[in-house]
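Reviewing the structure listed below.
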Amino acid sequence: MLQDSVRPFMADEGKIETQLRHWRDIGCKDGFGHDLWKQFAELGLTGILIPEEQGGSGLGQIEANVVLEEIGRNLTPSPFLTTAVAAVRAMEGTAHADKWFPGIVAGETVAALAIDEGKHHDPAAVALEAKRSGNGFSLSGKKQFVVHAASADVILVAARTGGSKGETEGLTLFAISKGAKGLEIDNLAMADSSKAARLQFDNVEVDADAVVGEVDGGWDVLKRTLAAGSSGAASELTGVAAGAFGMTNDYLKERKQFGTEIGRFQALQHRAAHLYGEIEIARAATLKAAQLLDEGSPQADLFVSVAKAKSGAVSRLAVQEAIQMHGGIGMTDEHDIGFYMKRQAVVDELFGSPNYHALKVAGR
Amino acid sequence: MLQDSVRPFMADEGKIETQLRHWRDIGCKDGFGHDLWKQFAELGLTGILIPEEQGGSGLGQIEANVVLEEIGRNLTPSPFLTTAVAAVRAMEGTAHADKWFPGIVAGETVAALAIDEGKHHDPAAVALEAKRSGNGFSLSGKKQFVVHAASADVILVAARTGGSKGETEGLTLFAISKGAKGLEIDNLAMADSSKAARLQFDNVEVDADAVVGEVDGGWDVLKRTLAAGSSGAASELTGVAAGAFGMTNDYLKERKQFGTEIGRFQALQHRAAHLYGEIEIARAATLKAAQLLDEGSPQADLFVSVAKAKSGAVSRLAVQEAIQMHGGIGMTDEHDIGFYMKRQAVVDELFGSPNYHALKVAGR
Amino acid sequence: MADLESFARDVRQWLEDNVPASMREPMTSEKDVCWGGRDFVFQSDDQKAWLEAAASRGWTVPDWPKEYGGGGLSPEESKILRAEMKKMNVRTPLTSFGISMLGPALLKFGTEEQKKRFLPEIARGEIRWCQGYSEPGAGSDLAGLQTKAEDKGDHYLVNGQKVWTSYADEADWIFCLVRTSKESKHGGISFLLFDMASEGVTTKPIKLISGYSPFCETFFDDVKVPKDQLVHNENEGWTVAKYLLGHEREMISGMGLGGEAGSSLMSEAIADADAILAADLARFDVDALAFQAMSEHFIDKLKAGEAHPAEPSLMKYAGTELNKRRHELVMMGGGSNALEWESERSNNGQTPRDWLRTKANSIEGGTSEIQLGIVAKHILQLPGA
Amino acid sequence: MADLESFARDVRQWLEDNVPASMREPMTSEKDVCWGGRDFVFQSDDQKAWLEAAASRGWTVPDWPKEYGGGGLSPEESKILRAEMKKMNVRTPLTSFGISMLGPALLKFGTEEQKKRFLPEIARGEIRWCQGYSEPGAGSDLAGLQTKAEDKGDHYLVNGQKVWTSYADEADWIFCLVRTSKESKHGGISFLLFDMASEGVTTKPIKLISGYSPFCETFFDDVKVPKDQLVHNENEGWTVAKYLLGHEREMISGMGLGGEAGSSLMSEAIADADAILAADLARFDVDALAFQAMSEHFIDKLKAGEAHPAEPSLMKYAGTELNKRRHELVMMGGGSNALEWESERSNNGQTPRDWLRTKANSIEGGTSEIQLGIVAKHILQLPGA
């Protein structure tokens, strides 16, 4: 099984000490290591969703999520979720696949998604405008929370070619190559030391073939992209929860206070057992969402939202309990557990918060 | 202090065995005992808010709430909240005071409030219509959750003389005497064995002097009535919480499982300590609301809602923990603890649920 | 794979042919459940017909061996049957403690003779069982039981008292824990089966806060139990009991799913919910659907023999807490309507009585605290748990 | 009553006359707090002027006796002063561990000479104290401390290490728990005061997950402490420590109130909150206002000497958990804006750093678990707590 190879790989090569903490401490502008991304490629992970005939592994969301759970468990910084999952889903079946998939398979290409314009995820609330201009389009507007934008070879940008902000009609997705003129990238460190940018588009000119899918048909592309991204983020959150919990459960067995292991205190035992159960439930919900996506089920969107909402809530509880149960040591930068809380907050918001997804579930 | 006399009185005379359980078991149509109501009068409790010159004790909300906390603690069934608190506040300063206060002071009169028409408390959503008719009015419409209606000598009815459902203008409060023609009372047992009725008004004719306060000025009267009622209900809920908690804390010390008192289990200790703290907070919030009401502070309404919302949430937690910590025995009708859960549910809804009041707080 | 596909087609066809239309309607109350047993009164001819049809193919207990009245299905086939029944909204033909609790224990610990004697009757819904575990004052400490069985040569003489015996007044037989030795707490317990019609057995319903009496106190006064009704070895009944408890917990965890009755209740609560209740309902939806996913996953693992032995405790805990929350929300949504206790309008207070009933969910079959302790010990391996 | 009314008038007038306008503006950040001490850099002349004015009347510590620099106010008068200051939005003139922790302990356990020597300096804001309690690895088990003080005739020789010493690098003096005997765990602890400028004292800031370093590791290498700086009897320091912990908890519980900075953060979170967040905020409002009522009530009881000795634990628990919740809500309301860590726009990540900082609230000064245990033992009197 895939997990048997990915789990030790991520635990060895993707661990906090040599990846997250290292890149943070040296102030790396990417927030991740390109060498590791190459290693992902060697294991066939970067092309996990890419069809075999295009050089990939031709696997599905279930397998991508196996990777993401291990990424979450080890807090491994990489462009896997944005590039190998979301961007691949966006480009599949379009002319952009031919152009970008080889680089992704090779671990040489990084892609980013520029969708949100406000502080909360709201993919229909696009105001960034793409006006017809000559043979192509001219883009003006702004984006925020564009993960890996400054490291990206290509940025997929949701723009408005018709309709108005809040409508799902009239959206078009564009693939903008690195270094486009008129595009300003303000590369920002997030709380978890990952990098996300605010983008300013001032009449960025692109050819007509920059369109991904159909003009005014961006919502269809976005839907499959966001479903894959949300499902993947749910797995990453489950991994974050499991990683934080594992470290905490170990600590409960080792740490002594008042002459006994703190794991012997019943109040902590019950909280730990409750949390363990919640993580199992989040994992099952996340697995079901991936299965439904791979089957193309009409229920997939519902369960993707269930998965993202549940894994978000559960992982938040997990990191809170982790910090509290670690006590003072967990508050120090020297200890790794704090990184879980920071990463949780970022992935929690990515592709929509638990509240966003719970409201989607309730509105079904 | 008032508490020094009320606490033993309620614990002795108002206890579950001889009051609540007794009246329930014999299927009493009132759901409370008139003899006890007389005893309340002998202690000066029925006239607690009635001015001394009208034969009462001339005390305030703080003192009324001392009584209500003990009522809550012992689940003592009585018309104290509706009659001695809410109805007295409604009638004070009106001509109805002269008519009804002597009977209330004497413990001979019971009053009820007919306000809600739907399943949730919503005092502006009155549709019941009072049409001008001859020298007076003719009332048609329906009410529900009218506590003690079937036992009441007088029912205070919120009716619409102008405006439309949902508006605070155009409301008028009427005092309807027992046995009014065209008034049908469907006396219903609630979950806690108290009685509340659904009322049907079919052209119930009343004189002009049945108006409490001013025609179209019912909202002002209702506001002070509901503030007093909500504040009082908050104290009763605090008492319910304290009563359930006290019984539970005692049980934790007595009950043995696996060869030791269950109160020795740390998980239960922490939950009990948390709950104790919450009850103290609810009590402080409730006291503050009563103080502000007595001072006539503009902040009173805000804190009344804080008190009702907080005491509702806390008492709900208290009865849930009480049942769970009592285990199987708490599920039996034979044990008293289940009565606390039933009473909590009823008072929780009375004068507005915690959600209703929390939304008022948030909307300030 | 091809075989499974043809199996699925066969299942669909057979269900089409054999399930009466009224047995494809969602159940609306507890009363629609078919419990079987000597004195069971069928709600309808359809209910009876469907039980008989299912039993004839062994599909009341699809994964039991055919020789004991089961369907002999593999885990994959069982899963398909469950899925097809769910798709067609087919009601469970038979629900009983015999199926969910005693059967698995007999399959594992019973003698060949015991299996042949009891299992087919269970599968056909001809016998209704109750469980004699809890005793007065023992509560969560099940192993502290006092009911004693003395060895009288060819039989045991049972004396003592049980409590919380579900439906003891409607049951035909009981599976019962008794003390056969005082030498050790867990090591002196035996597992007996006997007829509730035996001389010396009396039952007394316990009135609950909901006003219902689903449980009894059960008294044994010199009850004679033939020795061939001992399951597993004498003094090793605790092993059977623990195994069976896991199955009880599986069954109880199903409450978390709420069933059809649960969801119609919820839709009433949702109607004109206030803004806070609406938020709570949204979160509940997420948790309920996530738990549904977990239940499916758990049953798959269980049937494949891959579930951790302590996992039923987790499911029992999560499922019952979820069910309690569901009914709290229903009460909040119901406002003062949901407080009426005796009116016709309220169907005699069904909503508040059901709500109060759920409070026992996290107590019966092992409290939530017991389940959490089991998880802490057996899965998390925390010291002293 | 008449006296109190005239006192209130006098207070209002004096505040009108003596509090600079800028000291009646809400504080906007931690930096507006006046901590005092040898090296304190005032944020403004107004800050300095207000400290001096308050100190001149003893109102930095209104309820301390006048002879030690206090205001000598009765509990009723103190309450009036607090209320009037609140009404006029007057900032607290001086905040320090000397006032909130050491002072009360010295008033209770110090010698007359110690009171005269230390209290007036504290009241005037001329000395800043830090607390040497926690040691590496000891965590919640405070009494398990190892730092030792040997009796050398006229002085103690202190060797060891403390951790979580708040602002040790900015403090002038330390109040410190040391081990003077190994005979019993709690009975061998003494309470010493000494200058942080003493030879052999070094401090090393600890970097936290927020990126800030409000705490230090503090090392003692043959530090000489004159014997007249021992508070209370040798080996009876634990009594002083426990008394002082209560005061620390009172102070920390104040966090629950959030202060002005808290409420401006909240209003940003409320702006365009989603429906679930709005519901959470409504519930938070209720809890925060109820806690405010509780805090007022608690302070009244405390000043009147009517608070249960374990009540500070309750307040510390409730206040810190509330504050953590406040910051979780602020983060949710802030969305991706609140995740920025270094940008100017985000004031260098103030929102997420403050949020992370609050996670220590329920750990420092005794964890939430410790507080709940204290309540269970001393108020609920549960066995074995």
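The values are calculated or read from the model by the stated rules, or taken from the named source; none is laboratory data. Predicted, not measured: the structure shown is a model, and the values here were computed from it. Methodologically, a virtual Cβ is constructed for each residue, glycine included, from the backbone with ideal geometry; neighbour enumeration extends over all protein chains shown. Ligands, DNA and RNA are excluded from the accessible area calculation, which covers all protein heavy atoms including side chains. Shrake-Rupley method; radii C 1.70, N 1.55, O 1.52, S 1.80 Å.
Checked against the criterion of being β-branched (Val, Ile, Thr), in a strand (DSSP E or B), outside the structural domain of A:LYS29 (by TED's automatic domain parsing) and open to solvent by less than 20 Å² (accessible area, probe 1.4 Å), the stretch A:176-185 has at least one qualifying residue. If you go through the stretch D:232-240 one residue at a time, do you hit one that is open to solvent by 10 Å² or more (accessible area, probe 1.4 Å), within 14 Å of chain A (Cβ to nearest Cβ), of a type outside the set (Val, Ile, Thr) and in contact (Cβ under 8 Å) with a residue 60 or more places away in the chain? No, the stretch D:232-240 has no match at all.
Here is a yes/no grid of residues against (1) in contact (Cβ under 8 Å) with a residue 60 or more places away in the chain; (2) open to solvent by 10 Å² or more (accessible area, probe 1.4 Å); (3) assigned by TED's automatic domain parsing to the domain that holds C:LEU257:
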{"position": "C:ASP300", "(1), (2), (3)": "yes, yes, yes"}
{"position": "C:ALA307", "(1), (2), (3)": "no, yes, yes"}
{"position": "C:THR320", "(1), (2), (3)": "yes, no, yes"}
{"position": "C:GLY333", "(1), (2), (3)": "yes, no, yes"}
{"position": "C:ASP354", "(1), (2), (3)": "yes, yes, yes"}
{"position": "C:GLY373", "(1), (2), (3)": "no, yes, yes"}
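The sole residue among B:ALA227, B:ALA191 that is open to solvent by less than 60 Å² (accessible area, probe 1.4 Å), at pLDDT 95 or above, outside the structural domain of B:GLY338 (by TED's automatic domain parsing) and of a type in the set (A, V, I, L, M) is B:ALA191. Taken over the stretch D:68-97, the criterion of being more than 19 Å from D:MET251 (Cα to Cα), part of a helix (DSSP H, G or I) and in contact with a Lys or Arg (Cβ under 8 Å, 6 or more places away or on another chain) is satisfied by D:TYR68, D:GLU84. Here A:ASP186 meets the list (1) within 14 Å of another protein chain (Cβ to nearest Cβ); (2) touching a Leu at 6+ places or on another chain (Cβ under 9 Å); (3) in contact (Cβ under 8 Å) with a residue 40 or more places away in the chain almost entirely, failing just condition (3). Which residue is nearest to the chain's Cα centre (by Cα), if the candidates are limited to the stretch C:91-102 and must be surrounded by fewer than 20 Cβ atoms within 10 Å (Cβ to Cβ) and touching a residue at least 60 places away in the same chain (Cβ under 8 Å)? Here the answer is C:SER100. Count of the stretch B:315-328 residues, restricted to those that are without any contact (Cβ under 8 Å) to a residue 40 or more places away in the chain and either in contact with a helix residue (DSSP H, G or I) (Cβ under 8 Å, 6 or more places away or on another chain) or more than 8 Å from every other protein chain (Cβ to nearest Cβ) (or both), is 4.
Taken over the stretch D:266-280, residues that are more than 9 Å from every other protein chain (Cβ to nearest Cβ) and surrounded by 22 or more Cβ atoms within 10 Å (Cβ to Cβ) amount to 1. Scanning for something under 20 Å from the mean Cα position of the chain (by Cα), modelled with pLDDT under 95 and among the acidic types (Asp, Glu), does the stretch C:19-28 turn up at least one residue? So far as the stretch C:19-28 goes, no, none of its residues is under 20 Å from the mean Cα position of the chain (by Cα), modelled with pLDDT under 95 and among the acidic types (Asp, Glu).
Here A:LEU45, A:LEU20, A:LEU2, A:LEU36 are screened, and the one residue that is within 18 Å of the chain's Cα centre (by Cα), open to solvent by 10 Å² or more (accessible area, probe 1.4 Å) and not small (Gly, Ala, Ser) is A:LEU20. With respect to the conditions (1) at the interface with another protein chain (Cβ under 10 Å from one of its Cβ atoms); (2) among the small types (Gly, Ala, Ser); (3) surrounded by fewer than 21 Cβ atoms within 10 Å (Cβ to Cβ), B:GLY312 lacks only one, and its number is (3). Filtering the stretch A:329-361 to residues that are more than 9 Å from chain D (Cβ to nearest Cβ) and under 18 Å from C:ALA279 (Cα atoms) leaves A:GLY352, A:HIS357, A:LYS360, A:VAL361. Of all residues in the stretch A:264-294, those satisfying the criterion of being free of Cβ contacts under 8 Å to residues at least 24 places away in the same chain, over 19 Å from C:GLU311 (Cα atoms) and either more than 10 Å from chain C (Cβ to nearest Cβ) or touching a Gly at 6+ places or on another chain (Cβ under 8 Å) (or both) are A:ARG264, A:GLN266, A:ALA267. Here the condition is being in contact (Cβ under 8 Å) with a residue 40 or more places away in the chain and out of contact with any Gly (no Cβ under 7 Å at 6 or more places or on another chain); of A:GLU92, A:GLU70, it holds for A:GLU92 alone. In the stretch D:192-218, which residue that is closer than 22 Å to D:GLU150 by Cβ, open to solvent by 70 Å² or more (accessible area, probe 1.4 Å) and not aliphatic (A, V, I, L, M) is nearest to the chain's Cα centre (by Cα)? Within the stretch D:192-218, the match that is nearest to the chain's Cα centre (by Cα) is D:THR202.
Look through the stretch A:103-132, keep the residues that are open to solvent by 40 Å² or more (accessible area, probe 1.4 Å) and in a strand (DSSP E or B), and return whichever of them is nearest to the other protein chains (Cβ to nearest Cβ). Per the stated criteria, the residue is A:GLU129.
Rundown of residues vs (1) more than 10 Å from chain B (Cβ to nearest Cβ); (2) of a type in the set (A, V, I, L, M); (3) closer than 27 Å to A:ALA307 by Cα, yes/no style:
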position: C:ALA282; (1), (2), (3): yes, yes, yes
position: C:LEU302; (1), (2), (3): yes, yes, yes
position: C:SER313; (1), (2), (3): yes, no, yes
position: C:ALA318; (1), (2), (3): yes, yes, yes
position: C:GLY335; (1), (2), (3): no, no, no
position: C:ILE363; (1), (2), (3): no, yes, no
position: C:LEU372; (1), (2), (3): no, yes, yes
position: C:VAL375; (1), (2), (3): yes, yes, yes
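Within the stretch C:151-170, the set of residues being modelled with pLDDT under 95 and hydrophobic (A, V, I, L, M, F, W, C) comprises C:VAL163, C:TRP164, C:ALA168.
Residue under question is B:THR76, and the condition is that it be in a helix (DSSP H, G or I), of a type in the set (Val, Ile, Thr) and open to solvent by less than 10 Å² (accessible area, probe 1.4 Å); does it hold? Answer is no for this residue. Among the residues examined, B:ALA300 qualifies as out of contact with any strand residue (DSSP E or B) (no Cβ under 9 Å at 6 or more places or on another chain), more than 10 Å from every other protein chain (Cβ to nearest Cβ) and surrounded by fewer than 24 Cβ atoms within 10 Å (Cβ to Cβ).
Only a single item in (1) touching a Cys at 6+ places or on another chain (Cβ under 9 Å); (2) open to solvent by 10 Å² or more (accessible area, probe 1.4 Å); (3) modelled with pLDDT of 95 or more is not met by C:VAL225, and it is number (2). Of the strands (runs of 3 or more DSSP E) lying entirely inside the stretch C:112-179, the ones with 2 or more residues being touching a Pro at 6+ places or on another chain (Cβ under 9 Å) are found at C:155-166. Only one of the listed residues (D:ARG249, D:ARG325) is assigned to a helix (DSSP H, G or I), within 14 Å of chain A (Cβ to nearest Cβ) and among the basic types (Lys, Arg). That residue is D:ARG325.
Summed over the stretch D:7-57, the residues that are of a type outside the set (D, E, K, R), assigned to a loop (DSSP other than H, G, I, E, B) and closer than 19 Å to D:TRP129 by Cβ give a count of 8.
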